[in-house]
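To start, the structure itself, in structure tokens.
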Amino acid sequence: MADGGDAAQEKAASEKPPLVRFEAVTKRFGTVAAIEALSLDIAQGEFFALLGPSGCGKTTLLRMLAGFETPTEGRILLDGEDIGAVQPHERPVNMMFQSYALFPHLTVEGNISFGLRQENATRAEISERVAEMLALVRLQGFGERRIGQLSGGQRQRVALARSLIKRPRVLLLDEPLAALDKKLRAETQFELMELQRRLATTFVIVTHDQEEAMIVADRIAVMNHGRVMQVAPPPEIYERPNSRWVADFIGEATIVEGRISASGTMDSALGQLRVANTGGARSGDTVWLALRPEKIGVSSERLAGELNTVPGTVSEIGYRGDISIYKVRLADRSLMKVALANVGARGRALFKADDLVWVSWPPDAGVVLYS
Amino acid sequence: MSTQANRRNWGARLVVLLPYLWLVIFFLVPFVIVLKISLSQTALALPPYVPVFDLAAGWAGLMEFTTQLSVDSFRLLSSDAIYLFSYFKSLQIAAISTILLLAIGYPIAYGMARAPRAWQPLLVMAVVLPFWTSFLIRIYAWINILQRDGLLNDVLMRLHVIDTPAAWLSSDTAIYIGVVYSYLPFMVLPLYAALERMDESLLEAAADLGCPRWKTFWLVTLPLSLPGVAAGALLCFIPIVGEFVIPDLLGGSETMMIGQTLWTEFFSNRDWPVASAIAVSLLVLLLLPILFYERFQQRALEGGQ
């Protein structure tokens, strides 16, 4: 947490209490712990993502915030107050369900107004707010439609409008875009961000799609086995992962094991590697160097300069359109993933399989990890 | 190539034709026969009605046959209070029984649908279990329970609810008990099917939007289970209207449901035309709720798409 921007955020967070605070929350189903002694703060107005592989406990965490599950141990605070005993229907949070959970026997309008009707709002107020919500999700003129007559994308927007009409303190989104096709999902991600900024409501999104979490969220909590592995803004999660697990889970990374030498370099099976920042590791410590594929260069000649260079052979090439992934077999038989942008217009590969190449990266390209 | 396609076409047509063939042979033809008898007159003959359709008589015979048909039996049905009262009694018993069945069956089905998944097959089994004993034996068992020195009076007197044995048997109460007992599975199973497939996240969504549990039931659960309610109600109402065994064994002699009246006309009075007319009228009467249900289902299908 040495980064300047992060320090500023830490400071801002300490000035006012967080909107949501998980305090050493544990949730057990029988003997299985879904969440283990988890503590987490979410600030007012934040777009917060819970990211992790399936079964990591992210949905359980969200459902505890909604009130559908109660923590076995620990407390959940909303605005500084323990909401453990508050029933779901009395919490000032609303949820957008993964399957949308729209009421099939009601119209679009009936669905959107459902929450307001529970508060004894006046007829005029209801119709005004429904119209406002329909405009917000660009579904004007769809109020009388039945849910069965809507497309997947329209249903998603009805679900969003329905969960926003009560102006919740926190909006919970459980895999909100998982059912949309890729193109629509990409568009909707930006719409969600814009909406969140406009409403200044705190959004907490659960997703297993790291690209989605990176794009929409201000901060991401990466979870595994009921624990938070790292909480940070997306660039920090990607560039400064705090463990091999996070480095490997987020994006792609080649991880090289080594030992810090007396001169501050790293001794590894690939030779002596220069690293810009050992992050406080002392000589003799076992560390791992995580290298992102796009930060590594490939050349047919050995490059000179302040670079780490290692010889290898091109083993496999994966063409992805914008980039190609090269898997390079190194001297110690390990594979290193390198991403090269296909800048040439002809789509011609820069290298072929079995080409002898040199991979190189500057000392500040990798991250030194201790765990 | 084309002959092969033709053959396949014929096969497909045959498959479509089979259910229609079934309906024609086992429903339409018998119905036409019954309809024809209902338009005949009683006679001391074998069969006990005229005219009898005779192909050998030729065209003239057919003409004579048609002129002899009459709607006298139907006229009798609409003029004699006994029949009207019988119909009314049947509809009344069927309607009240259906309401009782709903009131008892809905909580049972709801409880089953909310029970742990692992228990549910067992609970369905428990509902279906009575079918393993003969229907008649079960009704006779009720005679035993309801009679003057039967189990029910025994228990009630021991609990000091009543001092002298009450007459349960041979009353409308006994009919209601028998009908509700016998038809409960037909009410519970469609309700259970409707409630069981309901998406649990809908209930969570309602709670999330500020709906307490009891209100969620009225606003979400009940409306979504209406197709099950309609199916269960029809599955019970229609056969109860025509019920014969239960009122005959448990009911009193002063009130007759339409099934009993029909039986009496047919076997005691040997008045086949009137008995047939009763049957035809009953069918027409019951067609109305069935048509209503069809419309309802059609709309539900369109809405759900």
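Bear in mind these aren't lab numbers, they're just calculated from the coordinates by the rules spelled out. Note that the coordinates shown come from a computational prediction; the quantities given were computed from them, not determined experimentally. Cβ: placed from backbone, ideal geometry, glycine included. Neighbour counts: every protein chain shown.
Of note:
- Listed pairs A:Lys182/A:Lys352; A:Lys327/A:Lys352; A:Lys295/A:Lys337 exceeding 19 Å between Cα atoms: A:Lys182/A:Lys352
- Chain A: calculated mean residue ellipticity at 222 nm from DSSP helix runs of at least 4, using -39500 (n - 2.57): -7500 deg cm²/dmol
- Amide H partners (placed H, <5 Å) of A:Gln98, local residues excluded: A:Asp174
- With R₀ set to 60 Å, the beta-carbon distance separating A:Ser299 from A:Ala131 gives a calculated FRET efficiency near 0.45.
- Cα gyration tensor, the stretch B:163-305 - rounded (a/c under 1.5), prolate or oblate: oblate
- Between 0 and 90 degrees, the angle of helix A:152-164 with respect to the longest Cα principal axis of chain A falls at about 70 degrees.
- FRET efficiency, 1/(1 + (r/R0)^6) with R0 56 Å, evaluated for B:Ala12 and A:Arg282 via beta carbons: 0.10
- The stretch B:39-70 residues near the modelled B:Val32 label - backbone nitrogen below 14 Å, point 7 Å along Cα→Cβ: B:53-55
- Packing-based ranking, highest mean first, of A:289-301, B:177-189 given that Cβ atoms within 10 Å are counted: B:177-189, A:289-301
- Residue order for B:Glu64, B:Glu196, fewest other beta carbons within 10 angstrom first, comes to B:Glu64, B:Glu196.
- From its DSSP helices (H runs of at least four residues, each -39,500 (n - 2.57)), chain B gives a residue-normalised ellipticity at 222 nm of -23000 deg cm²/dmol.
- Amide H contacts of A:Ile323 (H built 1.01 Å from N, under 5 Å, at least 5 apart or other chain): A:Asn342
- In this label model, A:Glu306 and A:Glu191 are separated by 4.8 nm, measuring between points 7 Å along each Cα→Cβ vector.
- Listed by Cβ neighbour count within 10 Å, with the fewest neighbours leading, A:Thr188, A:Thr254, A:Thr278 appear as A:Thr278, A:Thr188, A:Thr254.
- Projected label distance in nm at B:Ser134 and B:Phe217, using a 7 Å step from Cα toward the beta-carbon: 4.1 nm
- Residue-averaged beta-carbon neighbours from other chains (10 angstrom radius) around B:195-203: 3
- Modelled FRET efficiency - R0 30 Å, A:Gln44 with A:Asn120, Cβ distances, 0.05 increments: 0.60
- The string of couplings for the stretch B:161-167 from the Karplus curve (6.51, -1.76, 1.60, θ = phi - 60°) is 7, 10, 9, 10, x, 8, 8 Hz, one whole number per residue in order, with x for Gly and Pro.
- Protection-proxy order for peptides B:65-73, B:271-279, each taking the mean of Cβ atoms within 10 Å per residue, highest first: B:271-279, B:65-73
- Other protein chain Cβ atoms within 10 Å, averaged over every residue that makes up A:65-77: 1
- When only Cα pairs below 8 angstrom with a gap of at least 6 residues are kept, chain A shows a relative contact order of 15 percent.
- Kyte-Doolittle mean at least -0.5 and Cα axial length at least 30 Å: DSSP H helices in chain B: B:2-23, B:81-114, B:172-196, B:272-304
- Per residue of peptide A:80-90, the mean number of Cβ atoms on other chains within 10 Å of the residue Cβ is 2.
- Zone of B:Trp263's modelled label, taken as backbone nitrogen in the stretch B:172-193 under 20 Å from a point 7 Å along Cα→Cβ: B:172-184
- Label point distance in nm, A:Leu335-B:Ala95, each placed 7 Å from Cα along Cα→Cβ: 7.6 nm
- Shape analysis of chain B places it in the oblate category; the axes a ≥ b ≥ c from the Cα gyration tensor give an a/c of at least 1.5, with a/b not above b/c.
- Nonlocal amide H pairs with A:Ser315, under 5 Å, H built at 1.01 Å: A:Lys327, A:Val328, A:Arg329, A:Asp354
- Couplings 3J(HN,Hα) for the stretch A:23-40, derived from phi with the Karplus relation 6.51 cos²θ - 1.76 cosθ + 1.60 (θ = phi - 60°), are 10, 6, 7, 10, 10, 10, 9, x, 9, 8, 8, 7, 10, 10, 6, 9, 10, 7 Hz, where x marks Gly and Pro.
- Among A:231-238, B:19-26, the order from most to least packed when residues are scored by Cβ within 10 Å on average: A:231-238, B:19-26
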